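Trainee: Just passing along the structure, written as structure tokens.
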There are 2 protein chains.
Amino acid sequence: MTKFINSTKNRVEVGSLEVSKFQSLINSQFKDAKKVLIVDENTQENCAPYLITAFEGLEEAEVIVLPTGEPNKVMEVCQQVWEAFTKYGIQRGDLVINLGGGVVTDMGGFIAALYKRGLRFINIPTTLLAMVDASVGGKTGVNLGPYKNQIGSFAFPEITFCDPIFLKTLPERELISGQAEMFKHAMISSKEHWTELTKTDFYNINSDLLYDSIQIKATIVDNDPTEKGLRKTLNLGHTVGHAIEGFYMDEHQYTHGECIAWGMLVEAYIALELEMIEKSEVNEIERVICKMFDEISLSPDVFETIISLMKNDKKNNSSKINFSLPTKIGAVVFDQQVEEEYILKALNTIFNKA
Amino acid sequence: MTKFINSTKNRVEVGSLEVSKFQSLINSQFKDAKKVLIVDENTQENCAPYLITAFEGLEEAEVIVLPTGEPNKVMEVCQQVWEAFTKYGIQRGDLVINLGGGVVTDMGGFIAALYKRGLRFINIPTTLLAMVDASVGGKTGVNLGPYKNQIGSFAFPEITFCDPIFLKTLPERELISGQAEMFKHAMISSKEHWTELTKTDFYNINSDLLYDSIQIKATIVDNDPTEKGLRKTLNLGHTVGHAIEGFYMDEHQYTHGECIAWGMLVEAYIALELEMIEKSEVNEIERVICKMFDEISLSPDVFETIISLMKNDKKNNSSKINFSLPTKIGAVVFDQQVEEEYILKALNTIFNKA
């Protein structure tokens, strides 16, 4: 059995793709549409053959393979895909199916949304991160130099299918990366969920846990679709995390989840500096993050660079740096303007232990 | 005195910019915002100095100069502008002002709409074409090779100001180009408006005539914002016209208005072939178009290329070519699928008179 996320704008079905609406949708609404299947090098090998053989109507799909990884999430790749669309004669009524991680669903959604001002698309995320994060909210886009998702638009897929079967194809580190967003959802919404997650064996993530995590995000996004307020809580960990990720982008040394997890920890320490959170809560956050995520190393002489990257973050309305900060596990406040000295202190506490 | 277009989604003010809401908007809503003024080489010289000196609060604006002309309406130029935005530290709350013709408002709107998933922007069209056409409907975008506006999104400016003062800066041919869309609006909506236009001295276009033309488009777009039906009538002349324009893009030999005017004439002849329109109506259309617009030359050996360019038009849902066709001056039907032989006949009638 599958379950639909309760959301006004996001149509997400969680559970086995084989018993989902996927096949009937292809057979009905998209019967006469050309299909374009966008994959990356990983999902081309590990997921596309299953999709094409297990479902009818995809035999003739044009398959477009994006180069794998965040450094390839750039406009130049989109341009090449649009040129391929033109070559294939793709028209407004045709369908794009994005099969892959966040790079594929973010960039594939962007490609679909802009081609002829909007093709319809279906997302089938194959990584934990893409299932719990990118499946809700309609954010699509590409990077601009070191700045993540600097160019983008809001565009909603017809529907997103989250099937845990694809998680079996993930390397361990990718699976762990996705946990960062699940812990983030727990940190924003409830201590109980946090506790449940710390007890879970992440090699056996089931549909129920997926469902709960996605539902937390969907509820927040529904209540603030244009990110005027509440939705900013979802930026927890990302002000610092995106800066670290941007800094290391060329080396591709750390996963998104690792950057966000350590970003959450830095932000918890900032909250502690500002006396917004108890030390015991920060200790629990630190315990879990240190246990689950590979340690990130940052040398003190790059702290200023990291801070300057934060300043260019999309979330800022002025030159001040805007944070969402935890007040306990299960509660976050947004629109917190923080002086650089507190950020520097927190970075020193965590990364400059020598 | 200025007048506001009556529209649910498009905020357009027609008349003198100096007595419009422009200054008060800058002083209030965008008081603390950084301003970016996007111009092209022409408006940098002829319009920007007036704007910057006549209005307060624009002295510090960053000025970005786009290379002039349709062949530069491409993603590579957008990328350069986004990189400049990043350098200038432009943030979500900042303001883009697009001052120029359709290339500037289409591409400037696109640039604003995608940067950090959406900056607010104000359009000040300076050509007749941009005032009567691009000012309504929220279409933004860039070209992909020979395919016009193939990549784009729907994004509405905060407000568009149409001030006929800028028309004084236009070369004659540009001014005449804009008339094509005005005649198109008349052909779609009313014979009376058509007659009025044929009597007008186009070197003295006034706010009232501008207003009426824009209002026709706004009413159509409001009634069908997503182009499911009625709005397709606005594609009159464009199925053929865009193909001609795409074909000649590198040479930049004909204006958009010339291509659309001759496109309307070809489409009138297609309607005649299909016995949808009286010969006397086609004669009147031909009389006006031949009188007002420079003749386009197309050799019979490129007709097949022109038809293949039509097939890739955004307006097609399948491989068939979809037209909006006139049934008389003042009435148009949409979703007309036409066989290639009739298109070929009409092209021969008009361009192969030897």
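Trainee: Count neighbours as other Cβ atoms within 10 Å of each site's Cβ, and list the GluC sites (Glu not before Pro) in the range B:183-266 that are DSSP loop with at most 14 such neighbours.
Mentor: Passing both the DSSP loop test and the Cβ count: B:GLU251.
Trainee: Students often get this wrong, so check it: of A:LYS3/A:LYS217; A:LYS87/A:LYS116; A:LYS73/B:LYS35; B:LYS21/B:LYS199, which have C-alpha atoms separated by over 22 Å? Mind dumping the intermediate values first?
Mentor: Numbers: A:LYS3/A:LYS217 16 Å; A:LYS87/A:LYS116 14 Å; A:LYS73/B:LYS35 29 Å; B:LYS21/B:LYS199 32 Å.
Among A:LYS3/A:LYS217; A:LYS87/A:LYS116; A:LYS73/B:LYS35; B:LYS21/B:LYS199, the Cα-Cα distance tops 22 Å for A:LYS73/B:LYS35; B:LYS21/B:LYS199.
Trainee: Turning to a different aspect of this structure: Under the Karplus relation 6.51 cos²θ - 1.76 cosθ + 1.60, θ = phi - 60°, what is the ordered set of whole-Hz ³J(HN,Hα) values for the range B:51-67, x standing for Gly and Pro?
Mentor: The phi angles translate into 4, 5, 8, 7, 10, 7, x, 10, 4, 8, 4, 6, 9, 10, 9, 7, x Hz.
Trainee: Based on the alpha-carbon gyration tensor of the range A:1-146 and its eigenvalue square roots a ≥ b ≥ c, which shape applies: rounded if a/c is under 1.5, prolate if not and a/b is larger than b/c, or oblate?
Mentor: Verdict is rounded for the range A:1-146.
Trainee: Here is a follow-up. Averaged across B:133-144, how many Cβ atoms of other chains sit within 10 Å of each residue's Cβ atom? The partial results should precede the final answer.
Mentor: Details: counts 0, 0, 0, 0, 0, 1, 1, 1, 3, 1, 0, 8.
Mean shielding count: 1.
Trainee: Roughly how crowded by other chains is peptide B:69-76, in terms of the mean Cβ count from those chains within 10 Å of each of its Cβ atoms?
Mentor: Mean partner-chain Cβ count within 10 Å for B:69-76: 1.
Trainee: Using Cα pairs closer than 8 Å and at least 6 residues apart in sequence, work out the relative contact order for the range A:223-304, in percent.
Mentor: Details: 62 pairs, mean separation 20.8, N = 82.
Value for the range A:223-304: 25 percent.
Trainee: Go through A:LYS148/A:LYS311; A:LYS191/A:LYS328; A:LYS9/A:LYS31 and tell me which ones have a Cα-Cα distance over 20 Å in this structure.
Mentor: A:LYS9/A:LYS31
Trainee: Here's something else I'd like to know. Kindly state, to the nearest 0.05, the FRET efficiency for A:THR8 paired with B:MET1, given R0 = 30 Å and r defined as their beta-carbon distance.
Mentor: Efficiency at R0 = 30 Å is approximately 0.10.
Trainee: I'd like the antiparallel share, as a percent to the nearest 5, of DSSP beta bridges with both residues in the protein assembly as shown.
Mentor: Given both bridge residues lie in the protein assembly as shown, the antiparallel proportion sits at roughly 40 percent.
Trainee: Given a 1.4 angstrom probe, I'd like the percentage of the accessible area of the range A:261-354 that is carbon and sulfur, rounded to a whole number.
Mentor: Values: 1960 of 4200 Å².
Reported share for carbon and sulfur atoms: 47 percent.
Trainee: Return the loop-located chymotrypsin sites (Phe, Trp or Tyr not before Pro) in the range A:1-39 (DSSP other than H, G, I, E, B) with at most 12 other Cβ atoms within 10 Å of their own Cβ; answer none if there are none.
Mentor: none
Trainee: Hey, got the dipole for chain B? About the Cα centre, +1 on K and R Cβ, -1 on D and E Cβ, debye to the nearest 20?
Mentor: The dipole magnitude comes to about 1080 debye.
Trainee: I need the shape label for the range B:212-329. Rule: rounded when a/c is under 1.5, else prolate if a/b > b/c, else oblate, with a, b, c from the alpha carbon gyration tensor.
Mentor: Cα axes put the range B:212-329 in the rounded bin.
Trainee: Alpha carbon centre of the range A:52-112 versus the range B:41-94: separation in Å?
Mentor: Cα centres, the range A:52-112 to the range B:41-94: 32 Å.
Trainee: Can I ask one more? Quantify how strongly other chains surround peptide B:113-122 by giving the mean number of their Cβ atoms within 10 Å of each of its Cβ atoms.
Mentor: 5
Trainee: Give the range of the longest stretch in chain B that excludes all trypsin sites (Lys or Arg not before Pro) found in loop regions by DSSP and having at most 14 other beta-carbon atoms within 10 Å. Working shown, then result.
Mentor: On the way: sites that count: B:LYS9, B:LYS31, B:LYS199, B:LYS228, B:LYS320, B:LYS353.
By the stated rule (loop sites, at most 14 other Cβ atoms within 10 Å), B:32-198.
Trainee: Hey, got the dipole for the range A:1-137? About the Cα centre, +1 on K and R Cβ, -1 on D and E Cβ, debye to the nearest 20?
Mentor: 680 debye
Trainee: Compute the relative contact order of chain B as a whole-number percentage, counting only Cα pairs closer than 8 Å that sit 6 or more residues apart in sequence.
Mentor: It rounds to 16 percent for chain B.
Trainee: Test of understanding: extend the Cα→C-beta vector of A:GLU196 to 7 Å, then name every residue of the range A:207-242 with backbone N under 13 Å from that spot.
Mentor: A:207-217
Trainee: Still on this model: What percentage of the solvent-accessible surface of the range B:18-176, computed with a 1.4 Å probe over protein heavy atoms, is contributed by carbon and sulfur atoms?
Mentor: On the way: 2610 of 5390 Å².
It is 48 percent, rounded to a whole number.
Trainee: Any idea of the total accessible area buried by the B-A contact, 1.4 Å probe, rounded to 100 Å²?
Mentor: Values: alone 15020 and 14990 Å², together 26940 Å².
Chain pair B/A: roughly 3100 Å² of buried accessible area.
Trainee: What whole number of Å gives the distance from the Cα centroid of the range A:1-31 to the Cα centroid of the range B:150-214?
Mentor: Comparing the Cα centres of the range B:150-214 and the range A:1-31, I get a distance of 47 Å.
Trainee: Quickly estimate the mean residue ellipticity at 222 nm for chain B, helices only: each DSSP H run with n ≥ 4 gives -39500 (n - 2.57), and the total goes over all residues, rounded to 500. Walk me through the numbers on the way to the answer.
Mentor: Working: 13 runs with 152 residues, N = 354.
Only helices count here, giving -13000 deg cm²/dmol.
Trainee: Next question. Which whole-number value in Å² is the accessible area per residue of the protein assembly as shown, probe 1.4 Å?
Mentor: On the way: 26940 Å² over 708 residues.
Solvent-accessible surface per residue comes out at 38 Å².
Trainee: Looking only at chain B, where both bridge partners belong to it, what percent of the DSSP beta bridges are antiparallel (to the nearest 5)?
Mentor: Among the beta bridges of chain B, antiparallel pairing accounts for roughly 40 percent.
Trainee: Further question on the same structure: Answer with one residue from A:VAL136, B:THR169, A:PHE166: the one whose Cα lies farthest towards the positive end of the charge dipole of the protein assembly as shown, charges on Cβ with Lys, Arg +1 and Asp, Glu -1.
Mentor: The residue sitting farthest along the positive end of the dipole is A:VAL136.
Trainee: Next question, about the same structure. Find the centroid of the Cα atoms in the range B:224-251 and in the range A:292-307, then give the distance between the two in whole Å.
Mentor: About 52 Å separates the Cα centre of the range B:224-251 from the one of the range A:292-307.
Trainee: Here's another thing I want to ask about it. Does the range A:65-120 come out rounded, prolate or oblate, given a ≥ b ≥ c as the square roots of the eigenvalues of its C-alpha gyration tensor, rounded meaning a/c under 1.5 and, failing that, prolate meaning a/b above b/c?
Mentor: Prolate shape, in that a/c is at least 1.5 and a/b is the bigger ratio.
The values are calculated or read from the model by the stated rules, or taken from the named source; none is laboratory data. Just so it is clear, the structure is predicted and the values come from calculations on it, not from any experiment. Ideal geometry is used to build each Cβ from the backbone, glycine not excepted, and the neighbour counts take in all protein chains shown. To get the accessible areas, we keep the full protein, side chains included, count just its heavy atoms, and leave off ligands, DNA and RNA. Shrake-Rupley method; radii C 1.70, N 1.55, O 1.52, S 1.80 Å.
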